[in-house]
């Protein structure tokens, strides 16, 4: 009986040890059924630390927060308890039943996967009737507005859309990202650069608010009728006051995720009037001036000059064609060179466009360039206006006489023109006596390249053997390979952190991974041993100054705290610079 009792106790002990050593990696959701207007929290939990965490793609949800990382490490009655969680906040895209697919993690060289979890998304649920609810407070105090300069413009008339984010005085926004960009179908559009966001005071529905201008866009409608501007949508991390207070009586804040949208807008575009429309009208709308200039009016035959057709002013300068000039057939003309000097601001396009023609007369005589007309629609008077350039006479002083009597024949630029008559010196630059010299023939057989190509494969055999031996030794060095892998991961995550500057969560996750992998490579320790005391003692043994060790631990602490506090881009850049500098100093001081 005693033997059976001892065996039972031993089996119970072994089963307890095996259960405690078993790796657990699972998915937990805040609710299995939610409304399409609600938020879902997804936690990926593990009981042992790992590397290279890969979340699922969340294809049926929009990620509005995360990943947030939390770590718990405790000892109770001599038993170690470890838990690490990656948390995401999701907004469903539509109604239906959807799967949260598998996430993966690498623990002690093995890949573990979570189970698939199914959640059901129903139609929108009513908002809780609680004025102190943080989500309700955020809904009532954050507004995204699209301000349109004109709702019923003419075809090709400039309008502007300015997106403003209004925030009440007692509420704050610590982070935001664009999740849906506006689309301007059937519009010519250009965004106006905003240099630095400036917080201004204003009114929203008669109440005092602060606001920032997020985007400015100039639009030129290209169709008539009702045109839709699709909305701009943002995901915000909102700081909302609570009923709790600190020891000094100040109101404590809490963070909630909120999605705001400016909503779609409809523009009713009017057609340009048919009454009084000139035959040469090509779509110019605005306020313009027009002229044709020539670089010279007196010259000799076979010399060239330039004729410049130019329109300047304020309007849709990039959206219409310049009129063509008409020339006598005795003038040889080349395709025009188009140039634009246009700037765009909230008043629309301003500046000028021009076509420059290079023209070469072939015969002596006087050649008129007939007057050219340009028409546009004037928005101020809502009428069409036409301007003319006036006739320009080109006087060719010297050259052969045209005996074909074709001076009075005119052709628009681009039509077939008379063949150019070349003079005797047209190709004088081509040499007629090239002065060639013979070249001695060369043979490949028994040449340097022949012996090199013959012997190179034989010399490569011992090199390949040495390389294979070194590779086998390197593959057998399991400990060294783990160090090299950690060092490579540290460089990768430090690079990822630099790319993620400005995205708080992603930046600090990558920076923390870089620092952990750096320590694993340099101190030859596992992730589970990364306690501050052990890091300090090992770095001191390696000859690192205490001040640099304190800096390193301080950066690790920032990575843990920064995810839960408002952080600016400047502070993120400072943390990155400190991390890179500290790693460099520790590398130099290590024995």
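Bear in mind these aren't lab numbers, they're just calculated from the coordinates by the rules spelled out. Given the structure is predicted, the values throughout are model-derived calculations rather than measurements. Ideal geometry is used to build each Cβ from the backbone, glycine not excepted, and the neighbour counts take in all protein chains shown.
In percent, how large is the relative contact order of the stretch 21-122, given Cα pairs closer than 8 Å and 6 or more residues apart?
Reported as a whole number, the value is 35 percent.
Expressed in nm to one decimal, what extension gain is obtained for the pair residue 337 and residue 52 from 0.36 nm per residue of sequence separation less their Cα-Cα distance?
97.0 nm
If I take R0 = 35 Å and measure r between the Cβ atoms of residue 537 and residue 468 in this structure, what FRET efficiency does the formula 1/(1 + (r/R0)^6) give, to the nearest 0.05?
My answer for the efficiency is 0.25.
Quick one: go through the stretch 225-241 and flag any residue whose amide nitrogen is under 14 Å from the point 7 Å out along the Cα-to-Cβ line of residue 183.
228-233
Return 371, 329 ranked ascending by Cβ neighbour count within 10 Å, so the fewest neighbours appear first.
Ascending Cβ contact count within 10 Å gives the list 371, 329.
If we count other beta carbons within 10 Å of each Cβ, what is the order of 275, 180, fewest first?
Least to most surrounded, the residues fall as 275, 180.
Please rank 235, 208, 139, fewest neighbouring Cβ atoms within 10 Å first, as an exposure proxy.
208, 139, 235
When only Cα pairs under 8 Å and 6 or more residues apart are kept, what is the percent relative contact order across the stretch 285-412?
33
Find the centroid of the Cα atoms in the stretch 353-379 and in the stretch 254-285, then give the distance between the two in whole Å.
Taking the Cα centre of each part, the stretch 353-379 and the stretch 254-285 sit 35 Å apart.
Peptides 373-380, 461-468, 264-271: what's the order by average Cβ count within 10 Å, highest mean first?
Result, highest mean Cβ count within 10 Å first: 373-380, 264-271, 461-468.
Could you give the nm distance between label points at residue 230 and residue 454, where each point is 7 Å from its Cα heading toward the beta carbon?
Computed distance between label sites residue 230 and residue 454 equals 6.9 nm.
What number, in percent, do you get for the relative contact order of the stretch 358-404 if the mean sequence gap of Cα pairs under 8 Å and at least 6 apart is divided by its residue count?
Relative contact order comes out at 49 percent.
Rounded to a whole number, what is D in µm²/s for the stretch 134-269 from Stokes-Einstein with the Kirkwood radius over alpha-carbon pairs (20 °C, 1.002 mPa s)?
130
Cα-based Rg of the stretch 21-122 per 2.2 N^0.38 Å, rounded to two decimals?
1.16
Does the stretch 285-412 come out rounded, prolate or oblate by the C-alpha gyration tensor, with a ≥ b ≥ c the root eigenvalues, rounded set by a/c under 1.5 and, if not, prolate when a/b is larger than b/c and oblate if not?
Prolate shape, in that a/c is at least 1.5 and a/b is the bigger ratio.
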